[in-house]
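Readers should treat all values here as calculations from the given coordinates under stated rules, not as data from a laboratory. As the structure is a prediction and not an experimental result, all values here were calculated from the model. Reconstructed Cβ throughout: ideal geometry from the backbone, glycine too, with neighbour counts over all protein chains shown.
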Amino acid sequence: MIRPAYWPDKATHARVWSLAWPMMLSNITVPLLGLVDTAVIGHLPDPHHLGAVAVGSMIFSILYWAFGFLRMGTTGMVAQACGRQDGERIRTLLGQSLVLGVTIGILILLLRTPLTSLALQLMDPEPTVLASAAEYTAIRAFGAPAVLCNFALLGWFVGNQNTRIALILLTSTNLLNMLLDLLFVFGFGMAADGVALATVCAEYFSLLLGLWFCRRLLGHLPGRWIWQQLHRLGDYRELISVNRYLFVRTLLLLMTFAFFTAQGAKQGTTILSANAVLLNFLLLISNALDGFAHATEALTGKALGEKKRSGFYRVLVCATLWSALSACLLTLLFWLGGKPIIHLLTDIPEVRHEAVLYLPWIVILPLIGTWSFLLDGIFIGTTRVKAMQDTMLVSVLLVFAPVWWFSQSLGNQGLWLAFIALFAARGLTGAWVFWRLDRQDAWFSRG
C-alpha cells in the first residue's frame, strides 16, 4: 500500500511532465538528424559516400556513448546540490565536469589516428568506403572536446531542473547541422567530409550556446566560484568515483549491443537488416521512456538534497505511474501498427518478412524495459550508481550470456530472447536493490 502522503498531487504530476516532455522532444531530434544525413548523402551518385557516413558516424556514436557518464554523473550530483541550495557546489560541479570533458576530448583528439584506424579495421568496410570513412573520422575527431563538454552541460541543466534549455540546445544544434549538411554537400560540392564538417561546426555552436545559457543561470545562483577546486586532483574524487561506475555500466551495455549486432550478422544479411529495422523501435521506446527517467533523476536528487521524504516518494510514484502508462501505450502502438511501420522503414520483401516475424519481441519490450529505464533514473538522481554497474554486471554475465548460449539452436529467436531477458534482469535486479535500500532507509541515512 502507498501511504497517502506519498501519493502524487497535481503539482507533482505537473513538475514531472514539465521536465519530461522537453527531453522527449529533444531526443526525437537525434534520430531525425541521422535521417537527414542519410537523405543528403544518399542523393550523391556514388553509394560509397553513404557507406562512409554510416561507418564513421557509428564509430563516433559508440565512442561518445562510452563517455555518457559525463551527463549522467553530473545530473544526480547537481540535483542534490540544488536541493541543498548549495550554489558553490553547483558551480564547482559545472567547472569540474567541463574540465573532465575537455581533458578526455583532447586525449581523443591526440589519439585520433590510432583510434580511428583500429575502429575502421574492426569494421572492415570495402576499399572504396574505407577512404571516405577515414576522411570523415579524421574531421569528426576534432569535435570531441565540444561533444564531451556538451554532455556535461546537458547533465548540469537537467540537474538544475532546466530541461527546456536542453531542448533548445539539442533542437537548434541539430537544425543547424541539417542546414550545414545541405550547404556543404550541395552548395560546396563536398561529400562525406562535408557531413563531418557540418557536425563538428554544430557541436561547437552547441557548446557556445550552452555556455551562454550557463552564464545567465549562474547570475541567479547564490554562492561564488572556488577556483582551487578546479585544479586540485583530490577535489575530483567524488565526481570520478561516480563516473567510473557509470563508465563500466555503459561499456557493458555497448558490448551487449555490439554482440547482438555481430550475432545477427552471422545469420546473414537479411537477419542483420531485419534486426536493424527493429532496433529503430527500441530507439523510439528509449526516447519516450527516457523523458520520465530524466525527470526522475532531477526531482529525486533535489528531494534528497532537501531531505524531503514525502516529496521523494511522490516523485517515484508519479514517475512509475506515467512510465507504466507510456509503456502500455507503446505496446499497443507496436501491436496494432508495428507491421505498417516496418513497411515504411523498408521495402525489401525478405527483410519485411523477417522483421514481422520477430516483431512480437518489440511488442513486449516496453512493458519489460520500462522498469530498467525508471530505476536507472532513480539511481542516477540519488547517485547510487554502483547499483547500476552491479545490476548490469549480473544481467549481462549471469542472464544475457547464458540465455543466449543455451538458446543458440533457436537462431535469431534465441538472440531476441536473450536481449529481452537482459532488460528483464536489469529491472528485477534493480528492483531488488531498490527494495533493499528502501528497507534500510538508506536514501536519507547516507552521510
* To do: Would you order Trp17, Trp405, Trp322 from fewest to most other beta-carbon atoms within 10 Å of each residue's own beta-carbon?
  => Trp405, Trp17, Trp322
* Partner aspartates and glutamates for Lys339 [C-alpha distance under 18 Å; skip if fewer than 8 residues away on the same chain] -> Asp347, Glu350, Glu354
* Partners for Lys308 among aspartates and glutamates (Cα-Cα distance below 18 Å; same-chain residues under 8 apart left out) -> Asp9, Asp86, Glu297, Asp438, Asp441
* Can you work out the base-10 log of I(q)/I(0) for segment 42-231 at q = 0.09 1/Å, using the Debye formula on its C-alpha atoms alone? -> -0.38
* To do: Could you rank the peptides 439-445, 287-293, 269-275 by their average count of other C-beta atoms within 10 Å per residue, with the highest value first?
  => 287-293, 269-275, 439-445
* To do: Take the Cα gyration tensor of segment 317-363, multiply each eigenvalue by 5, square-root it, and list the three semi-axes largest first, rounded to whole angstrom.
  => 28, 9, 7
* To do: Compute the distribution of all C-alpha to C-alpha distances in the chain, in bins of 20 Å from 0, and list the percent of pairs in each, rounded to whole numbers.
  => 24, 59, 17, 0
* To do: Would you kindly compute the Cα radius of gyration of segment 76-188 and its largest Cα-Cα separation (Dmax), both in Å?
  => 18.2, 57
* **Violating pairs (Cα-Cα greater than 23 angstrom) within the set Lys10/Lys386; Lys302/Lys386; Lys10/Lys307** => Lys10/Lys386
* Taking neighbour counts of Cβ atoms within 10 Å as a proxy for exposure, in what order, fewest first, do Arg436, Arg89, Arg140 appear? -> Arg436, Arg89, Arg140
* Asked: Can you give the Rg to Rh ratio for segment 134-252, taking only C-alpha atoms and Rh from Kirkwood?
  -> 1.05
* Structure fact -> Cβ density ranking, 10 Å radius, fewest first, applied to Cys328, Cys201, Cys149 yields Cys328, Cys201, Cys149
